[in-house]
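Participant: Here you go, one structure.
The values are calculated or read from the model by the stated rules, or taken from the named source; none is laboratory data. Note that the structure is a prediction, hence the values are computed from the model and not measured. Glycine also receives a Cβ, built like all others from the backbone with ideal geometry; neighbour counts cover every protein chain displayed.
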Amino acid sequence: MTTDGSSFWTSGAVPLIEPEFLSSIIAAASDIALVVSAEGTILSVLLNDLDDSFGNLNHWEGRPVVEFLTEESIKKFQHAHDAYMSGQPPKKPLELNHSDNAVWQYPVRYTFHRFGQENAVLLLGRDLRPIAETQQQLVQAQIALEQGYEASREFDARYRVVMSSVDDAVVFVSVQTGRIEDANGRAAALLGLKSDALVGAALASLFKDRSGAELTESLMNATLTDDGAPVSVRTSRTHQTIDLYPTLFRAAGQRVLMCRLAGSEAVASNTDSASNHAVSLFRGTTDAIVFMDPRGTTLSVNDAFLDLVGATHLSDVVGQSLAEYLARGQIDLGVLLENAARTGQMRVYATRLVNDLGARVPVEVSATALEDAENPAVALIMRDVSRLEGVRKVESSGGPSMPEPGRNVMDLIGSASLKEIVAETTDVVEKMCIETAVNLTRNNRVAAAEMLGLSRQSLYVKLRKYGLLSKNG
């Protein structure tokens, strides 16, 4: 490479550079430098002496550049070279992929520079292999990360399926905090809470007469015994005595207790057939059965009740107030609880259940207060009467099975006008309904008005009309 007597810089602060030194300066300023003729032939190749990764490229000289470019880079170079020859050198660096005998490839970023008077171009290149390798490492790290996420999601899905499918009630408790980190639905039902409310709660707060430190110490000691003796506790909400079978393990540097919960009720003897039959009836009857505490919180329900309210899991109902499923809410619940507490039982009470979809199912409810000084409860039996409503409507319209009140009304025909008969029977029925509502609500007139679908003012007017205003007042 010669200058033919011409200088690269003719003025300015940069001094003239001798040709024998120029090549070393260009090589040091770039990783690779190519001098390319107007025809696209490589006239000279200069390599940085400090980088021997390119090897020997002397065989490039005298051969077209395109022979050492990959297929997608050939068009990019030709387009840029043509623009340079037309007097418009590329303003941005050009990234080309070199290929030598199809053995290896490497990317280089070139800048175009005018060189001499023969339309030759000087390409100063920067090796992009370190950047490409870093990018490749990032891509591989991203792929590995995604694979890790996928494996974690798959593991979590398997874990959730196992937790929801096993027959045992299981909770995971942090030894450090004493709080529940996870629990399945069976554990939530056994403890009288929903799974969402159970997670994050202190384990000791769910049991009576147990502090957090004491319970954690008892569980840790139980893991050291060889006989696998459980820790017995009594739940605060369901008032059941249950056994905790702890297993200690370490995860992510934290100690965790996996506790299996099991009811510790004594097994009924073979002679106790009545208890066995009662359990079988509770599980198999088509009537809904509900056990609730004196405040109206459900303690246990059978599958028939879940069908009536459209609940999927037992944990969706247990621990909730029964008022949430009654059409008149707290008013219905108050009538059932007050009558059960006052007389011990209530034979028939008509109301409607509201399921999760908003549908209303007419039911007849009987309530019984269970005599248990330690764990008082109220048992309800609910029967779906939606099919009977249609039959009753037919009978009340004067069908073949006319009830007795209907026949009494027919006896009045001929002795009084139709208007008088209708007015008399309407007043009688209306008075009976008002008296019944007032008695059921124990003279709570706001609740009675709600039950009858009347305003409070209208109820007072009718009470005064029938002389009931001072009754039980």
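Participant: Going by what's in this entry, would Leu94 be described as of a type outside the set (Ser, Thr, Tyr), within 60 Å of the chain's Cα centre (by Cα) and modelled with pLDDT of 85 or more?
Facilitator: It is true that Leu94 is of a type outside the set (Ser, Thr, Tyr), within 60 Å of the chain's Cα centre (by Cα) and modelled with pLDDT of 85 or more.
Participant: Given the condition of a type in the set (Val, Ile, Thr), in contact with a Lys or Arg (Cβ under 7 Å, 6 or more places away or on another chain) and closer than 30 Å to Glu374 by Cα, answer yes or no: does some residue in segment 185-207 qualify?
Facilitator: no
Yes/no matrix, rows are residues, columns are (1) at pLDDT 75 or above; (2) assigned to a loop (DSSP other than H, G, I, E, B); (3) closer than 23 Å to Asn119 by Cβ; (4) not assigned by TED's automatic domain parsing to the domain that holds Gln105:
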residue	(1), (2), (3), (4)
Asp4	no, yes, yes, yes
Phe8	no, yes, yes, yes
Ala13	no, yes, no, yes
Ser23	no, no, yes, no
Ala27	no, no, yes, no
Ala38	yes, yes, yes, no
Ile42	yes, no, yes, no
Ser53	no, yes, no, no
His59	yes, no, no, no
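Participant: Another question about this same structure. So in segment 268-309, with the set limited to residues that are of a type outside the set (A, V, I, L, M, F, W, C), closer than 19 Å to Asp384 by Cβ and at pLDDT 85 or above, which one is surrounded by the fewest Cβ atoms within 10 Å (Cβ to Cβ)?
Facilitator: Thr286
Participant: With the requirement that a residue be among the acidic types (Asp, Glu), under 20 Å from the mean Cα position of the chain (by Cα) and at pLDDT 85 or above, what does segment 162-196 give you? First the steps, then the outcome.
Facilitator: Restricting attention to segment 162-196, the residues satisfying the condition of being among the acidic types (Asp, Glu) are 167-168, 181-182, 196.
If we keep only those that are under 20 Å from the mean Cα position of the chain (by Cα) too, we end up with 181-182, 196.
Answer for segment 162-196, where residues must be among the acidic types (Asp, Glu), under 20 Å from the mean Cα position of the chain (by Cα) and at pLDDT 85 or above: Glu181, Asp182.
Participant: Also, quick follow-up: Considering only strands (runs of 3 or more DSSP E) fully contained in segment 86-202, which possess at least 3 residues that are of a type in the set (Asp, Glu)?
Facilitator: none
Participant: A further question follows. Is it the case that some residue within segment 126-136 is in contact with a helix residue (DSSP H, G or I) (Cβ under 6 Å, 6 or more places away or on another chain) and in contact (Cβ under 8 Å) with a residue 24 or more places away in the chain?
Facilitator: No; the residues of segment 126-136 include none that is in contact with a helix residue (DSSP H, G or I) (Cβ under 6 Å, 6 or more places away or on another chain) and in contact (Cβ under 8 Å) with a residue 24 or more places away in the chain.
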